[in-house]
Amino acid sequence: MKICVFGAGAIGGYLAVELSLAGHDVCVIARGEHLSAIASKGLTLRMAGIQKTAIVCASDDPSRFGPQDYVFCTLKSHQAYTAAPSMLPLLGADTAVVTAMNGIPWWYFYKEGSSFEGTHLSSVDPKGLQWETIGPERAIGCVVDPACEVVEPGVIEHHEFNRFILGEPDRTKSKRVEALSEIMRAANFDAPIREDIRYSVWLKLWGNVCFNPISALTLATLDRMTNEPSLRSLCVNCMHEAKAVSDAFGVQIDEAMIERRLAAAGRAVGHKMSMLQDFERHRTVEIGALVGAVQELARLKDVATPTIDVLLALVKERATSEGLYDKVIE
């Protein structure tokens, strides 16, 4: 298979190494020192005490590679939005785009089955740029579980988990998603196919919608947020509000999952959420898909989200004051 990983950072780099070593024709889109390192000495993955290196074609120019069978988009949502037009050279008649990103995806209302069919969320895809440029019919949903980190240019360190949950937006078990699952399993990933990928999107988002902004505002690690009573209460309130929104759109998740999510998070001692890491490294912060989209969806269904509203206002203000908020996506 011809596979392009668009954004060969922590998760993208992990995917690229394993898929390349499994025998696929893998190219990566990267930039800066990371790109230079990959071009000169390959992409290295450190995992469970083992080091692997894959020699992959790398560039910051997608037009070098031509149409692919699969394109994994592993950028943050605001990066994916601005990068959408540059993906066009990679898209052939049957190319699938795997959205391996956090938060509400830009294709959420493609064959979703409600009166909001075709709605473009301004917090994720203003004016439908990705919808019109890439096309929602190409999208395969992907919820990312692994924790990885770029420890130096060209080097990815894998910390835990290997599961990438896959699913078609229209809830079908298509040949292309079945083939992708087989490809990924053969490359050492756990890649289950879920009939309703939106369930998995929401379940992960219950954590991201609170853990990320709270960490950015308080500097608390994940175990601190879930074990300190006042912060834990804040998380619980956010998760209940997010559940009310997902319920309103017909995605029913057992309330008991709130405590399970908190318990699992509490075991991640010393872990800093991605939003806090971005603030510390002075990188543009991903807010729209993780927090803003929940508020926007709540407004569509007239669901109250007072706790989420406060966290969103505060984290946007902090990011704006530090020049780290991408106002292209509101």
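Observations, loosely collected:
- Yes/no for Ser215 being part of a helix (DSSP H, G or I), under 20 Å from the mean Cα position of the chain (by Cα) and of a type in the set (Gly, Ala, Ser): yes
- When residues of region 269-320 are limited to those that are aliphatic (A, V, I, L, M) and either free of Cβ contacts under 8 Å to residues at least 12 places away in the same chain or surrounded by fewer than 16 Cβ atoms within 10 Å (Cβ to Cβ) (or both), the one nearest to Ser233 (Cα to Cα): Val310
- Unmet criterion (only one of (1) surrounded by fewer than 24 Cβ atoms within 10 Å (Cβ to Cβ); (2) more than 14 Å from Pro153 (Cβ to Cβ); (3) not hydrophobic (A, V, I, L, M, F, W, C)) for Lys41: (2)
- Of the strands (runs of 3 or more DSSP E) contained entirely in region 14-85, those carrying at least 1 residues that are within 13 Å of Ala187 (Cβ to Cβ), among the basic types (Lys, Arg) and free of Cβ contacts under 8 Å to residues at least 40 places away in the same chain fall at 50-54.
- Residue in region 198-205 that is in contact with an Asp or Glu (Cβ under 9 Å, 6 or more places away or on another chain), crowded, with 20+ Cβ neighbours inside 10 Å and part of a helix (DSSP H, G or I) present: yes
- Residue within region 153-161 that is surrounded by 18 or more Cβ atoms within 10 Å (Cβ to Cβ), touching a residue at least 40 places away in the same chain (Cβ under 8 Å), touching a strand residue (DSSP E or B) at 6+ places or on another chain (Cβ under 7 Å) and at positive phi present: yes
- In region 177-193, the condition of being in contact with a helix residue (DSSP H, G or I) (Cβ under 7 Å, 6 or more places away or on another chain), under 16 Å from Ala100 (Cα atoms), touching a residue at least 40 places away in the same chain (Cβ under 8 Å) and assigned by TED's automatic domain parsing to the domain that holds Asp309 is met by no residue.
- Among the residues here, Gln277 does not qualify as modelled with pLDDT of 95 or more, part of a helix (DSSP H, G or I), under 22 Å from the mean Cα position of the chain (by Cα) and not assigned by TED's automatic domain parsing to the domain that holds Val151.
- Residue check for Arg224: in the same structural domain as Val303 (by TED's automatic domain parsing), part of a helix (DSSP H, G or I) and more than 22 Å from Pro146 (Cβ to Cβ): yes
- Residue within region 90-106 that is crowded, with 23+ Cβ neighbours inside 10 Å, among the aromatic types (Phe, Trp, Tyr) and at negative phi present: yes
- Residue in region 124-134 that is in contact with a Pro (Cβ under 9 Å, 6 or more places away or on another chain), on the phi > 0 side of the Ramachandran plot and surrounded by fewer than 24 Cβ atoms within 10 Å (Cβ to Cβ) present: no
The values are calculated or read from the model by the stated rules, or taken from the named source; none is laboratory data. Just so we're clear, the structure is a prediction, and the values are computed from it rather than from any experiment. Note: ideal-geometry Cβ built from the backbone for every residue, glycine included; neighbour counts use all protein chains shown.
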